[in-house]
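Beneath this line is the structure, given in structure tokens, with notes to follow.
The values are calculated or read from the model by the stated rules, or taken from the named source; none is laboratory data. Values in this document were obtained by computation on a predicted structure and should not be read as measured data. In this analysis, Cβ positions are derived from the backbone assuming ideal geometry, glycine residues included, and neighbour counts consider all displayed protein chains. Just so you know, the surface numbers come from the protein's heavy atoms only, side chains and all, with ligands and any DNA or RNA stripped out. Shrake-Rupley method; radii C 1.70, N 1.55, O 1.52, S 1.80 Å.
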Amino acid sequence: MASSPFLLFPLLLLFLLPLTTTSTSSHQTLIPTPLQDYPTLTPLLDQTLTHVTTDSSSLHLPISHHDSLHVTSNLTSSSLLLLRLTRDSNRVSSLHSLLGLPRHANRTFVSPIVSGLSYGSGEYFTRIGIGTPQTQSLFVLDTGSDVLWVQCAPCRRCYNQTGRIFNPWNSRSYRSVPCMAPLCHRLDLPGCDKRRQKCLYEVSYGDGSVTTGELSTETLTFSGGARIGRVVVGCGHDNEGLFVAAAGLVGLGRGPLSFPSQLARRYGRQFSYCLVDRTSSGAPPKPSSIVFGSGSVPAGIAFTPMVRNPKLATFYYVQLIGISIGGAPVSGFAQSDLRLNRQTGRGGVIVDSGTSVTRLARSVYVAVRDAFRAGTAGLKRTAGGFSLFDTCYDISAHSEVKVPTLAMHFAGGSVVALPPENYLIPVDTKGTFCFAFAGTDSGVSIIGNIQQQGFRVVFDADRERIGFVPRGC
């Protein structure tokens, strides 16, 4: 029997092992590589992407690292990291707002993505052509939202983006969604332009960013030529806030209008991504990809069940049951500190592509941080912290250091064992490294993309499970 065709979509990510195969070593070696200031590079939208491989059942497309983005700023790498962490705080506030929490400090396809670090943001981007003829645009990939939208001309208010703003009047495949259409009523708060009988959308983010415009359907074209028609897209004529460089956003959440949900009939509700190191500057850059369909789920990987929040369907929750440092379980907090309260919708643990730094409920963070400090007593602590980070070290005199292992333990017996580069990261060019976790008083914990680097994370909504694949990029 012929195999089902599938398409591939390039991206970036994490790492998970069965509990029975976790290393018994208490320490691992970190080779310190300070931050580097980035040169001016060829803009991603000006590059020609080529196929890695092609066969009758799949389309393999290359993906670009953040070094493919055009850096026009004179800011240092440390200043760019500070900007990223500021945006990260805004991102977390946005998620808390959506959650109603207090705001504290069988077929597959693939598309290219890049890290947004060089723009001072923590998001990852993919290049997509929108319309017929297509307008090549950069989109943020976001597991914490549902609507796919793009800035559209004419603009009442638009922020600066990379590349041309999409003009729907120039596209033969653009169609407005009528007010009475079922698609319009899939929006949480549908609006209607009664004079033109066109469906209106608005998406507000907790950091004050907002996009408004008309709901439409449009054709999307991915690198390598794969085309998907009649995708529901918000055509935003009024957009403002903390969006950086991208023309729009691809919502990868669990809601009915998210991109994976729209592809469900054709590809199933399965996708995976792998995030490359946000600061790697090797030549050539490491490849990354996001894959939709059956080809997104590698064989023989361990999964942990998804947890559903009845108060908000968008987010991907998992049950984190513990953390170990140096091979020993961390004590000093209750498992209930990490558990979702299904009655109130509060608490729990989210896997999120748009948050950079993992946030742990305060009691959990303090216990984990103190255990890590105890395991690094031989390293020179700095007098102060750096932005979100309160535990930093001066290791400029070392060519390598031993640090305690760190692993996250999930329901179902899965263990995510992080490499040292994912939790002790450089913050300047001088050799200062910080423990890349932070505490939160909101109750909800978030597994961020710094901790996901280098691994493939699999979101299988058909079977309600999430998997983590070691060395998945």
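Quick check on region 193-206. Is at least one of its residues closer than 23 Å to residue 313 by Cα and surrounded by fewer than 17 Cβ atoms within 10 Å (Cβ to Cβ)?
Scanning region 193-206 turns up at least one residue that is closer than 23 Å to residue 313 by Cα and surrounded by fewer than 17 Cβ atoms within 10 Å (Cβ to Cβ).
With a cut-off of at least 1 residues that are farther than 13 Å from residue 425 by Cα, name the strands (runs of 3 or more DSSP E) lying wholly within region 367-413.
Counting at least 1 such residues, we get 401-404, 406-410.
In region 154-166, which residues are touching a strand residue (DSSP E or B) at 6+ places or on another chain (Cβ under 7 Å) and either basic (Lys, Arg) or outside any strand (DSSP E or B) (or both)?
Hits for region 154-166 are 154, 155, 156, 157, 158, 159, 162, 163, 164, 165.
So, in region 414-434, how many residues would count as being open to solvent by 10 Å² or more (accessible area, probe 1.4 Å) and assigned to a loop (DSSP other than H, G, I, E, B)?
So the count comes out to 4.
Within region 348-360, can you find the residues that are in a strand (DSSP E or B) and either over 20 Å from the mean Cα position of the chain (by Cα) or under 19 Å from residue 425 (Cα atoms) (or both)?
Result: 358, 359, 360.
Six or more apart or on different chains, Cβ atoms under 6 Å: show the pairs whose first residue is in region 194-213 and within 11 Å of residue 147 (Cα to Cα) and whose second is open to solvent by less than 60 Å² (accessible area, probe 1.4 Å) and among the hydroxyl-bearing types (Ser, Thr, Tyr).
202/212; 203/211
Take residue 224 and tell me if it is buried (at least 22 other Cβ atoms within 10 Å of the Cβ) and in a loop (DSSP other than H, G, I, E, B).
Yes, satisfied.
In region 376-391, which residues are among the aliphatic types (A, V, I, L, M) and farther than 22 Å from residue 440 by Cα? Spell out how you get there, then give the answer.
Of all residues in region 376-391, those among the aliphatic types (A, V, I, L, M) come to 377, 379, 383, 388.
Answer for region 376-391, where residues must be among the aliphatic types (A, V, I, L, M) and farther than 22 Å from residue 440 by Cα: 377, 379, 383.
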